[in-house]
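Only one structure is covered here, and it is reproduced in the block below.
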Amino acid sequence: MIRVYYIDDEPSLCEIFRERFLTEEVVVETFTCHEQLLRRCQETSPDIFFLDYRLTSITGDMLA
């Protein structure tokens, strides 16, 4: 199983990403808030994550 995290401050883009990439082999979790993503990463690390560059209160490169 591959665990993918995706963050974007637009919920509709999170939904599109999840619908497109979710399969039996790929678990997709989406986030609209960087604090939620950081908490989740402390619990379970993803195999890969995708970051929106311009989030509401932080940039994607600051998160990485």
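Would a scan of the range 53-61 turn up a residue that is modelled with pLDDT under 95, touching a strand residue (DSSP E or B) at 6+ places or on another chain (Cβ under 6 Å) and surrounded by 12 or more Cβ atoms within 10 Å (Cβ to Cβ)?
yes
So, restricting to helices (runs of 4 or more DSSP H) that lie completely within the range 5-64, which ones have at least 2 residues that are in contact with a helix residue (DSSP H, G or I) (Cβ under 9 Å, 6 or more places away or on another chain)?
The helices (runs of 4 or more DSSP H) meeting that bar are 34-43, 60-63.
Pairs only if they're at least six apart or on different chains, beta carbon under 7 angstrom, first in the range 1-26 and among the hydroxyl-bearing types (S, T, Y), second open to solvent by less than 70 Å² (accessible area, probe 1.4 Å) and in a helix (DSSP H, G or I); list them, first residue then second.
Close Cβ pairs satisfying both conditions: Y5/L37; Y5/R40; Y6/C14; Y6/F17.
Hey, can you tell me all the residues within the range 44-53 that are among the charged types (D, E, K, R) and either free of Cβ contacts under 8 Å to residues at least 40 places away in the same chain or under 18 Å from E15 (Cβ atoms) (or both)?
D52
The values are calculated or read from the model by the stated rules, or taken from the named source; none is laboratory data. Keep in mind it's a predicted model, so treat the numbers as computed, not measured. Quick reminder, even Gly has a Cβ in these numbers, built from the backbone with ideal geometry, and neighbours come from all protein chains shown. Accessible surface is based on the protein model in full, side chains and every heavy atom, while ligands, DNA and RNA are left aside. Shrake-Rupley method; radii C 1.70, N 1.55, O 1.52, S 1.80 Å.
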